[in-house]
1. For region 46-63, how many residues meet the condition of being hydrophobic (A, V, I, L, M, F, W, C) and either free of Cβ contacts under 8 Å to residues at least 12 places away in the same chain or over 20 Å from V25 (Cβ atoms) (or both)?
2. Filter region 26-69 down to residues that are over 13 Å from the mean Cα position of the chain (by Cα) and of a type in the set (A, V, I, L, M, F, W, C) and give me whichever is surrounded by the most Cβ atoms within 10 Å (Cβ to Cβ).
3. Give me the pairs, please: first residue somewhere in region 89-105 and within 25 Å of H124 (Cα to Cα), second residue anywhere and surrounded by fewer than 18 Cβ atoms within 10 Å (Cβ to Cβ), beta-carbon distance under 6 Å, and either six or more positions apart or on two chains.
4. Can you find even one residue in region 59-66 that is under 30 Å from P2 (Cβ atoms) and among the hydrophobic types (A, V, I, L, M, F, W, C)?
5. Output yes when any residue across region 64-80 is in contact with a helix residue (DSSP H, G or I) (Cβ under 9 Å, 6 or more places away or on another chain), more than 18 Å from Q109 (Cα to Cα), touching a residue at least 40 places away in the same chain (Cβ under 8 Å) and not hydrophobic (A, V, I, L, M, F, W, C), and no when none is.
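A short reminder: the numbers here are calculations on the coordinates, not readings from a lab. Note that this is a predicted model, so its numbers are computed, not measured. Counting neighbours? That spans all protein chains shown, and the Cβs are built from the backbone with ideal geometry, glycine included.
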Amino acid sequence: MPFPIPQQVLLPNTYAYESAPMVKVTGFREYDARWLFGSEINLMGIQALGMGIGTLLGERGVKREIAVGHDFRSYSASIKLALVTGLMAAGCKVHDIGLAITPMAYFAQFELDVPAVAMVTASHNENGWTGVKMGCDRPLTFGP
């Protein structure tokens, strides 16, 4: 059974919200991706993002191996687990570096000798936000 196509909006406290991916397209920025967790992206949406990153690695001919970390927000570990599930579903070997700051994820990419990185963080944004800084061509993250 194919993974469902992400929806722009799903209503909380519904079956669809818990079983279908929701990803608001405006969350994708030039150099990262950011959303209000719960109203613009759900855990299934994060899983879809992981599958997308893993698929992109394969399409670019990059070894499907990635370093992944998460920031201090109370919900970031759950978001990272959903991301890792999607990455693994796309055939990636995941190196989970745990709680980290973004430069640590970039360092891990080199120390572990892996081509890709995904850091779950909302950076300077307040609680409620989440996002992913990602790249597959070290030392660069995705850009324009």
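1. 2
2. Restricting to residues being over 13 Å from the mean Cα position of the chain (by Cα) and of a type in the set (A, V, I, L, M, F, W, C), the top hit is L57.
3. Short answer, once both residue conditions are applied: H95/L112.
4. yes
5. Yes, region 64-80 contains a residue that is in contact with a helix residue (DSSP H, G or I) (Cβ under 9 Å, 6 or more places away or on another chain), more than 18 Å from Q109 (Cα to Cα), touching a residue at least 40 places away in the same chain (Cβ under 8 Å) and not hydrophobic (A, V, I, L, M, F, W, C).
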